[in-house]
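Below you'll find the structure, written out as structure tokens, and then a few comments.
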Amino acid sequence: MADTFHDTDGLVAALSDADFDRPPALVANAHITGVSVARALSAHGVPVIALDRTDSGLAPPSDAVDYAGQVTYPLDDADGFRADVERVADALEFEPVAFACMDEWVRGFAETEPAGVRLPFSDLAGVERVLDKANLYALCEDLGVPYPETYEVGEHGIDEIVETLAFPFVVKPAHKRKFEEAFGTNVIEVADRGEFEEVVAGAREHDATVLAQEKVNTEAGRDTSLASYMPPESADRDPLAVVGNAAVRYPEFGTSCLVERVEEPSVREHALAVLEETGYHGISESEFVYDADRAQYVLLDVNTRPWKWISMPVAAGANLPMAAYADAVDGVEYEADAAGGGPRDARWVYLPDYVQRCLTDAAFWDVLSEDDWASLVSGDFEREGDLTTGIYRPSDPAPAVKYLTGEFTDREYYCSC
């Protein structure tokens with residue numbers, strides 16, 4: 001565990017005295033996703049340095065984290081971020097491998113390309129080809145991958161879109177950052193022309209390209225994603241891919257809190273086709289919803305980074321972070337347990353949200369069995385069975401302790417993942 005969350009100077013000084021036998025991983029930011037990535041790498045002996053703009057994240061006290069410290073937040077000062085990360089890299093004997101756990105950190109590394117740091121994902125142009133939704137949906141059209149009916153506002157105009165799409169529909173950005181700065185969210189549902197024009201005007205003020213998209217008649221409980229690692233062309237490795245179903249969310253249409261491995265060949269086929277066409281390499285999550293009207297899955301989005309439930313594919317035998325690390329570092333090998341016979345059954349639960357759904361939603365029925373709960377309480381789930389968790393691990397209790405003590409105060413953390 002990292003005994004101290006250092007400021008940048010302190011982190012550089014501590015790392016100058018550190019003795020690693022292999023390149024460490026830089027995991028940023030250091031919250032729920034960060035602790036899962038750290039655990040996945042630490043299980044294979046990879047040293048982990050957690051980076052964040054604050055000490056409030058849950059990853060630093062984990063036994064999987066060797067050092068933790070502050071760097072400039074890339075959205076506040078990209079040049080400052082690059083300079084801090086380069087100082088961290090200069091203090092190390094080996095070039096570290098960067099794992100960015102939120103979009104702003106992905107862009108921070110991809111845009112600034114800090115010297116002396118290995119990036120196990122595509123360059124900025126490669127990332128943009130995936131994150132730009134206008135480009136993503138154009139690829140879907142070319143490849144025959146189902147996606148919601150979508151129109152770029154600047155290309156088609158408000159009049160044409162209002163005549164074509166039925167209200168309510170959703171407005172989303174081609175690129176998240178500028179839209180989020182304007183509205184504080186990634187998706188806005190509009191009920192009439194006036195609301196639509198208001199959103200378009202606000203986006204225009206922030207120079208954000210926006211898309212109007214049909215509101216898909218989704219079937220609850222069938223949201224499905226492909227968790228994958230696409231290797232670079234230089235690697236002798238097939239893509240690693242595991243399909244997960246977000247069986248339970250909290251709130252009902254919020255973030256995933258119970259994800260199960262499932263077999264959905266069309267999701268796997270369509271997601272891999274899009275990723276291969278973009279040329280993107282790295283970890284990603286391709287998000288699909290089940291359209292009850294079309295009776296098929298449609299692609300909504302691709303996230304070019306680890307995400308909250310990445311421990312599920314790891315438990316299924318596909319350690320995506322370790323595969324990325326192995327391809328970034330000469331002489332390191334990793335063969336997925338899932339490579340031969342396919343992924344194992346696995347379920348992931350984020351207990352804080354799952355318990356809240358059970359306690360607050362009278363219509364929801366607990367889908368975990370008594371044996372599941374016994375396994376969680378006893379800690380047996382870490383040694384047997386198909387269940388894994390987001391934070392809670394009896395063998396590594398400090399992140400859960402930090403979460404609980406944080407809940408007893410009015411302290412807030414800026415990131416949900």
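The figures follow:
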| quantity | calculated |
| --- | --- |
| Pairwise FRET efficiency - residue 143 versus residue 366, Cβ, R0 = 51 Å, nearest 0.05 | 0.80 |
| Dipole of the stretch 1-122, positive direction: furthest Cα of 102, 67, 85, with charges on the beta-carbon | 102 |
| Most mobile of 256, 266, 311 in a GNM of the chain (Cα contacts under 10 Å) | 266 |
| In nm, spacing of pseudo-spin labels at residue 409 and residue 16 (7 Å Cα→C-beta vector) | 3.1 |
| Average silhouette area of the stretch 322-388, convex hull of alpha-carbon atoms, in square nanometres | 6.9 |
| Footprinting exposure proxy for 151, 334 (fewest neighbouring C-beta atoms within 10 Å first) | 334, 151 |
| Residue with peak Gaussian network fluctuation, the chain [Cα springs, cutoff 10 Å], from 325, 250, 229 | 250 |
| Rounded, prolate or oblate (a/c below 1.5 giving rounded, otherwise prolate when a/b exceeds b/c) for the stretch 149-214 by Cα gyration tensor | prolate |
| Debye-sum result for the stretch 267-322 in log10 I(q)/I(0), which assumes one identical scatterer on each alpha carbon, at q = 0.12, 0.20, 0.23 Å⁻¹ | -0.32, -0.83, -1.01 |
| Whole-number percent relative contact order across the stretch 149-214, with pairs defined as alpha carbons under 8 Å at least 6 apart | 50 |
| Dipole magnitude of the chain about its Cα centre (Cβ charges: Lys, Arg +1; Asp, Glu -1), debye to nearest 20 | 540 |
| Förster radius 45 Å - calculated FRET efficiency between residue 9 and residue 358 (Cβ-Cβ, nearest 0.05) | 0.50 |
| Three-way shape call for the stretch 170-301 based on the alpha-carbon gyration tensor, with the a/c threshold at 1.5 | oblate |
| Shape box of the stretch 5-121 [Cα atoms, principal axes, largest first, Å] | 32, 28, 27 |
| Calculated FRET efficiency for the pair residue 262/residue 374, C-beta based, R₀ 30 Å, to 0.05 | 0.75 |
| Fewest-first ranking of 393, 347, 237, 193, using other Cβ atoms within 10 Å as the exposure measure | 193, 237, 393, 347 |
| Most fluctuating residue given options 80, 108, 317, as computed from a GNM of the chain linking Cα atoms under 10 Å | 80 |
| Lysine pairs within the chain, Cα separation less than 23 Å, 8 or more sequence positions apart or different chains | 11 |
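Every number here is computed from the coordinates shown, using simple stated rules; none is lab data. Keep in mind that this is a model prediction, so the values were computed, not measured. Cβ coordinates were reconstructed from backbone atoms using ideal geometry, including for glycine residues, and neighbour counts include every protein chain displayed.
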